[in-house]
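Derivation of every value follows stated rules applied to the coordinates shown; laboratory data play no part. Model, not experiment: these values are computed from the prediction. With ideal geometry, Cβ positions are generated from the backbone for all residues, glycine too; neighbour counts draw on all protein chains shown.
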Amino acid sequence: MHTPMHTPSTDPRPSLYYRYQVHAPWLPAAHPPQPRQAVVIAGAGPAGLVTALELARHGVRSVVLAADLQVSAGSRAIVFTRRTLEILQQVGVAAPMVANGLPWRCGNSFYRGQRVFRMEAPHDDDDRFWPMLNIQQQFLEEYLLDACAATGLIDLRWGNKLTHVEQQADHALLAIDTPAGPYSLQAGWLVAADGTRSGIRSQLGLQMEGASFESMFVIADIRIDLPFATERLAFFDPDWNRGNTILMHREPHGMWRVDYQLPPGETPEQALQPESMRARIDAQLAMIGHAGTPWQMDWSSVYAARTLTLPSYLHGRVLFAGDAAHLLPIFGVRGANTAFQDAQALGWQLALVCKNLAGTALLANYSAERVGAAREIIDEAGKSTRFMAPPSRGFRLLRDAVLSLSLTQPFVRPLYHWRTARPHAYTGSALNCRDDDDALFAGGPGHGAPPQNVRLADGDFLLDHIGAGFHLLAFTHAALPAGVQQVVQAACAGGLPLRVLAIGAAQPVAGADAHLGDGDGRVRQRYGMPATGGACLLRPDQHVCARWLALDAARLQAALATALHPCRPA
C-alpha cells in the first residue's frame, strides 16, 4: 500500500511577536548514499538540539531530524532557571537569552484579593544568572539553531520525519520520510527527543509509570500592556473561577501568559472556543483591576498535569530524553528545564562511548541517574500539583483549609510555595569515587552535587572557566605532585578531555592548564576546601564526582576509572 509522503506546512506560523522562518527541506535525492551515522537525534526541540550541541563540544557528529520546517508553534516553555542558563552558557546561547529575556526571582500568591505568600528565590553576588528568566521558546530554538550551524558537526535535516525503527545488535535502522519520499539511515545510537507524543516510545511499546491528574489548564498568550513587574502571579479560588487556580507571567515583546484551570467535565474543544477564552480572560483582567484593557490573542493550548516517567531511558540502541522520557507538570518550571539536564547528561556520556573512551555501562548510568532525577521531581511536583489542582475531595478540603487560614495565620502561608525546580544531585551515582575524602568534608558541594558558581576577583565567574570535559580543581599555588601530573598526562594522551585549574594561584602552576586567583578565599570557602590544599573532580556536566583533602596520583586514577567505567548501579 502506498504511504503518502511527509508534507510539513510551508506556511509561516502566525505570531504577533515572532517572525517564523520556513527552512528548505533536506531531500535524499540531493545527497549521496548515506553512511552509518554515529548518532541520530529525532526531534529538533530544546532537548534534541542541546544534546547535539553537547555531542559537538566533545567532537562527535550527529544528524538531527526535524519533522517540521520551522521552530515550535507558540511560546511553549517560557521560564528558564539559573541552572538551565549555566547549561546554555556551555553550549554558547546564554548571552542572547539574557540579552532578550526578562529576569525575575519573586512569586506572589493571592487569595480573596489578598497577597498571602511571597516567594523570593535566593540570589547573591556569586550568581551570574538570575533565578528565573522569561523568554518564549521560539527565540531559544533560534539561538540553539545558530549555535548548531556554527559547530560544523551537526547535520540538521528539516522536513525529515522518523517513521520506523528497527534495532540491530550494533545499530538502529531508521526509516525516514521527507516531502520527496522516504529513505533509510543507519545509526549507531538513536536519541529519542521527539516530545510528549513520542512516536519512538509508541513504536517500542513502552509504558510510562506515574499518575495523570484530571484537571485541565488552558494556556493563553495575549498581547496587553499591564503595569506589573516580572514576577509570577498565582490566584487561588477567584470569584470568576471558583475552586480553581490562575497563573500569570510577563513575557518579552508585550506579551503575557495566562494559565487558568478548567471546571470538571469541560472538554479542550469547548475550552478553546474564542468566546469562552475571551470571557475568562476578560474576567481575570477585571479581577486584577484592568477591565476593558484591550488585548489580542496570540496562541493557546490545553494541557493536563502529569507526573510520568519511563522506568528506563535506555532501550537497545535507543536513548530517551526530554518529554519523550518523562511528562512533568509545569508547576515549578520543571518541563523544559528538566530536559536541558537530560540533554547535558546524555551528551557527554554518549560522546565518550562513541569515542571508545567508556563502555556502554555509562549509558546505563545516564538512564539510572536521570530516571532518579525524574522520580525526585515527580515527588516534589506532585505536592505542588495536588495544591494547585486537588485530585480528590480530601485534597480539596485540605487545600481550602489552607486558603482560609492563610488570610489570618502566617504559619500556613509557606504551603503556597511552588517548590521551584532545582538541579538534581547524583548523590548515589555509580560515577562517584568510592575511596575519596567526601565524607570528611564539613561543607561545599559533595558527591553528585551540581557546581557552585563563584564571582572571581576580576569580575568573571568560576563556571566561565569550565568547558567541555572533566575538570580537576586543585586548590594550590604550588606545582602538582609529579605522580598527579603523570596521571593527567596519560589520561589526556589517551584522548580523555581533562583540564586542571589551579585555584588560588597568582602565577602559572606546573601541571595546571590555567590558574585562577582567589585572594579572598571565596572559591575555597564555597567548595569547603581546607587551608592546606584540597581538590575536587568535576564531571563534564560540572557535577562533583570526587573530592580530596589532599590529592594523590593513585586516588585520582581511581576516580577517573570509576567515572568512565561504573560497575555498580546508581
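For the chain, adding -39500 (n - 2.57) for each run of n ≥ 4 DSSP H residues and dividing by the number of residues yields -8500 deg cm²/dmol at 222 nm.
Remark: spin-label model distance ALA457-ALA514 equals 1.7 nm, labels positioned 7 Å along the Cα→Cβ axis. The modelled label-to-label distance for the pair ALA561/SER312, using points 7 Å beyond Cα in the direction of Cβ, is 2.7 nm. Packing around the peptides 175-185, 26-36, taken as the average count of other Cβ atoms within 10 Å per residue, puts them in this order, highest first: 175-185, 26-36.
Given the choices (i) 33, 28, 26; (ii) 53, 23, 21; (iii) 40, 32, 21, semi-axes √(5λ) of the Cα gyration tensor in Å derived from the coordinates of this structure is entry (iii). Taking all Cα pairs closer than 8 Å and separated by 6 or more residues, the relative contact order of the chain comes to 14 percent. Highest average first, the peptides 452-463, 339-350 ordered by how many other beta carbon atoms sit within 10 Å of their residues are 339-350, 452-463.
Largest first, the three principal axis extents of the alpha carbons in segment 15-125 are 66, 34, 23 Å in whole numbers.
Given R₀ = 41 Å, FRET efficiency for ALA121-ALA29 by Cβ-Cβ distance, to 0.05? For ALA121 and ALA29, the calculated efficiency is 0.20. Between ALA291 and SER212, the distance separating the two model label sites (each 7 Å from Cα on the Cα→Cβ line) works out to 3.9 nm.
Remark on segment 81-159: hydrodynamic radius 14.7 angstrom, per the Kirkwood mean of 1/r across alpha carbon pairs. Binning the alpha carbon pair distances of segment 438-564 at 5 angstrom intervals from zero yields the distribution 2, 11, 24, 27, 23, 11, 3, 0, expressed in whole percent.
What is the sum of charges around TYR366, taking Lys and Arg as +1, Asp and Glu as -1, for the other residues whose C-beta is under 11 Å from the C-beta of TYR366? Local net charge: -2.
Please work out the Cα center distance from segment 224-291 to segment 114-140, rounded to the nearest Å. Here the two parts' Cα centres lie 21 Å apart.
Secondary structure note: in the chain, about 70% of the DSSP beta bridges are antiparallel. The slack between GLN203 and VAL22, meaning 0.36 nm per residue of separation minus the straight C-alpha distance, is 62.3 nm.
On full extension, the segment bounded by GLN489 and GLU376 gains 36.8 nm, given 0.36 nm per residue less the C-alpha separation. Packing here is the average count of other Cβ atoms within 10 Å per residue, and on that basis the peptides 553-562, 148-157, highest first, run 553-562, 148-157.
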